[in-house]
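Q: One structure, pasted below without further comment.
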Amino acid sequence: MTQHPDFSRSPARSRAARRPGTLGAVLLAGAVLAGSVLPTASAVVPTTPRADAATAALPAGTPVRAAEAEEGSVDVSVVSISHPVAHPGDEVTIRAKVTNTSDDVVPDATAQLTIDYVALTSRTQIDEWASASLLDPVPGAPTQKSVGKLSPGASKTVSFTYDPGAATFQGFGARKLAVTVGDATGRLGIARSFLVYDADGLEREPMQLSVLAAVTSPAIDPADPSTAQIELAQQTASGQRLDGVLQVAEKSGLSLAIDPDTMGVAAGSDDPALIDWSERMLAAAGKTTTYTLPSHDPDLAALAHANVRTTGARSFLHSPRRGNWDVPEAWKSNLAWPADGVVPDVETLNLAVSAGRRNVVVGSGGLAYDGTQTVTGRAEVRTPSGMAHAVLADTDLTRAFLAATDLSAADAASSTESSATATAATTVSTTAEGTQRLLAETAAVASQSPTDPPALAIVAPRTWTPDAESANTVLAELDEAGWVDLTTVDTLFEQDAPDVARTPLEQRRVAKAELGASNVAALERGRDAVVTFSAVGVDGSAQIWRPGVTRLATPLSVAHRADTGLREALVQQTLQSTNELTQQSVTVVPRQDINFITDSGNIPVRVRNTLGVDATVTVVLRPDHPRLTVDARTTEVIPARREVDVQVPVRAIGSGDVEVTAQVLTPSGAKISDDSSFQVRVRAGWEELGTWIAAGVVALLFLAGIWRTARRGRSPYRATSEDVEEATGTGAEAPESAQAASADSVTVRAE
């Protein structure tokens, strides 16, 4: 199995899973109590029949070290089995890795291989063997090999060759396999696995097994959308979570449930590696059954418990995808996948059904069947909105698969909120052990109903970070087994639910990690406000509501359950930014008081638009007194990032001061900003009265001029004809002399 040091191992992989149960604790307590009364130099050997049986497979006379009864000081794991399914004539090679996990030197360790010839016919027997403690019995004849000296932290590999035919194996099924390591002080460690043997080689009706995995984005900060691409690029890098899911999907029949927003971010990025990942994922999804999750993978339980409506093109279950990425028509849109780690309640399933997602994934042991046999993992759940079709994750198969393939610290059944019916954690820690556990489990299932085996599902959680090589190996071995048919989840949904009694789902159950109803309701109100406000954009409304609704949907994602404190801060930041968008993007610019001295006219209202698109708004004036009335509302287009004076027609009925409130509305009449008030000093008729006064003053001035001129008469300074004659020296007789001269004189020609 490929190792990745940058990942912590799954809890199911840790050797803590191999700690003994109640018996080991009792033995340890007994040893401590006995040590308090016996001489410290003496070695205490448990004398109970169970302890005696535990030592039966060890060399004769080997005491059991009580101090190691609870947890072995040597870690043992089966790393390979040459024939996962052995047939007559096969010689099986088993290799095990032995590691000294203590601080002491193990001077002379011995490894033993034991295989029981009796077939395990039930899943209960398989679980009991896998979860047995360090000192529990190990049946079978041991084959022994020396390991030698083991220093602290040192590891060695031992190999055994085993011929099942020599043990006269009969029938079909899994056998108990154990590799134990001990020394002179007792048993130091054990690995319990299975040898699956098919003695008869008969053809069997295969059981159908589906494996479902999710492709979802990591938690991001809605205030910084650019982080979505950065976080996704990290998740899709080589060896990371989404890269592993892609590699498994490309080589196996893995069913997928994909958040379309994740694909939109990848396809719309400028990162060549991210674009390549999206193209490969799209191709892989086209070769299997793929479901589309609601955009941003919202927490369905949080929406259901807050009674948020899920219908409508702009609801949280229909949030926009970044890049407006087109979902392929072949993808199914009828799947609901509640958050991992909890059993969903009826309210959550009811929301899914009302939203048209009747196919629901139920994990964590929900709707458990208490019978002795395994039944098909399908159930019908009646809700107020109709019947929900549930696919149930098989707990043991899912745990074994994750323990052998998951590189993350997540375990689908490790949550404190898991169902009480969940069984103990599996002990597998390697690919080989996981493969053998899954083969053993499925062989037991196929044996119980040879002609009509049930269909089951493995559901990997959203945090599944697969070791692609290991996952593909496990799935390939299962597919090659003659009793398993790896198929897609849709075939399981299409099967009839068995008529068996199951543990009912609770009507309402709010999980601790769930976003509170008050916060969900606040986000819903913000969504309504954004959608309403976006009407100002008219043709560009999508440029307003798409990013606005995306920001509000982000804190609702299942991924944000991992850090509830951070999510609370993100909710408050998102609500604040939403309020700024809807209340402060298009506003009335405050102004000083206005003097209005006419009977009718326009009052200018300055409107500021800080959006990146033109805003079409309606301006309404609301006077507080009827002496000023508004004739009409005015609709105006305010260019992007500009201010415009909107002229609103009004009429004055009387005189006086009027307080006027200006409101900005969307074209549909919804209020989109806080009110802005100013005072108007109304002086009705003053304009006409001023005109008459001015005209009267002009007329009076004109008449006064005429009267003044008439009253003065001729001016004493005006020149008369006598003044002219006197000034020129001519008298009154001049005309007569001139006449005489003209009569008596003769004109003489000049010489």
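The values are calculated or read from the model by the stated rules, or taken from the named source; none is laboratory data. It should be emphasised that the depicted structure is a prediction, and the values quoted were computed from it without experimental measurement. Calculation scope for accessible area: heavy atoms of the full protein, side chains included, ligands and nucleic acids excluded. Shrake-Rupley method; radii C 1.70, N 1.55, O 1.52, S 1.80 Å.
Q: For the stretch 82-122 and the stretch 239-287, what is the separation of their Cα centres, given in Å?
A: Between the Cα centre of the stretch 82-122 and that of the stretch 239-287, the gap is 39 Å.
Q: Also, quick follow-up: Short version: what are the Cα gyration tensor semi-axes of the stretch 292-395, square root of 5 times each eigenvalue, largest first, in whole Å?
A: Details: eigenvalues 136, 47, 29 Å².
That gives 26, 15, 12 Å for the three semi-axes.
Q: In terms of the ratio Rg/(2.2 N^0.38 Å) built on C-alpha atoms, what value belongs to the stretch 97-145? Don't skip to the end; give the middle numbers.
A: On the way: Rg = 14.2 Å, N = 49, 2.2 N^0.38 = 9.7 Å.
Taking the Cα Rg and dividing by 2.2 N^0.38 Å, one obtains 1.47.
Q: Next up: Taking the Cα atoms of the stretch 120-165, report the difference between the largest and smallest coordinate on each principal axis, in whole Å and largest first.
A: Between the extreme Cα coordinates on each principal axis of the stretch 120-165 lie 40, 29, 15 Å.
Q: Something else: When only alpha-carbon atoms are used, what values of Rg and Dmax, in angstrom, describe the stretch 261-350?
A: 14.8, 44
Q: Could you give the Stokes-Einstein D for the stretch 574-693 in µm² per second, using the C-alpha Kirkwood radius, 25 °C, 0.890 mPa s?
A: Values: Rh = 15.2 Å.
Diffusion coefficient, whole number: 162 µm²/s.
Q: Also, quick follow-up: Give me the distance between the Cα centres of the stretch 631-652 and the stretch 380-404, rounded to whole Å.
A: 59 Å
Q: Same structure, new question: If you line up the Cα atoms of the stretch 415-573 on their principal axes, what length do they span on each, largest first, in Å?
A: Cα spread of the stretch 415-573 along its principal axes, largest to smallest: 66, 37, 37 Å.
Q: Rounded to a whole number of µm²/s, how large is the Stokes-Einstein D of the stretch 138-278 at 20 °C and 1.002 mPa s, given Rh as the Kirkwood radius over C-alpha pairs? Intermediate results must be reported in sequence, preceding the final value.
A: Values: Rh = 20.6 Å.
The diffusion coefficient I find is 104 µm²/s.
Q: Show TYR117, TYR197, TYR369 ordered by accessible area, largest first, where the area counts protein heavy atoms only and the probe is 1.4 Å.
A: TYR117, TYR369, TYR197
Q: How large is the direction-averaged shadow of the alpha-carbon convex hull of the stretch 208-321, in nm²? Before the final figure, lay out each step's value.
A: On the way: hull surface 33.4 nm².
Computed as one quarter of the Cα hull surface, the answer is 8.4 nm².
Q: Same structure again: Report, in listed order, any pair from LYS97/LYS251; LYS149/LYS176; LYS176/LYS251; LYS332/LYS512; LYS251/LYS332 with a Cα-Cα distance greater than 25 Å.
A: On the way: LYS97/LYS251 29 Å; LYS149/LYS176 28 Å; LYS176/LYS251 31 Å; LYS332/LYS512 31 Å; LYS251/LYS332 21 Å.
As for pairs spanning more than 25 Å Cα to Cα, those are LYS97/LYS251; LYS149/LYS176; LYS176/LYS251; LYS332/LYS512.
Q: Using a 1.4 Å probe on the protein heavy atoms only, what accessible surface does SER122 show? Give it in Å² to the nearest 10.
A: The value for SER122 is about 40 Å².
Q: Counting heavy atoms of the protein chains only and a 1.4 Å probe, report the per residue accessible area for the stretch 611-663 as a whole number of Å².
A: Details: 2490 Å² over 53 residues.
In whole numbers, the stretch 611-663 has 47 Å² accessible per residue.
Q: What part of the accessible area of the stretch 560-648, given as a whole %, is carbon or sulfur when the probe is 1.4 angstrom? Don't skip to the answer; put the middle values down first.
A: Numbers: 2030 of 4570 Å².
Using a 1.4 Å probe with all protein chains present, the stretch 560-648 comes out at 45 percent carbon and sulfur.
Q: Using all alpha carbons of the stretch 615-674, what is the percent of pairwise distances in each 5 Å bin, ordered from the shortest bin to the longest?
A: So the P(r) values, bin by bin, are 4, 18, 25, 23, 15, 10, 5, 1.
Q: When the solvent-accessible surface of protein heavy atoms is calculated with a 1.4 angstrom probe, in what order do ARG651, ARG502 fall, highest first?
A: Details: ARG651 100, ARG502 50 Å².
Highest to lowest solvent-accessible surface, that is ARG651, ARG502.
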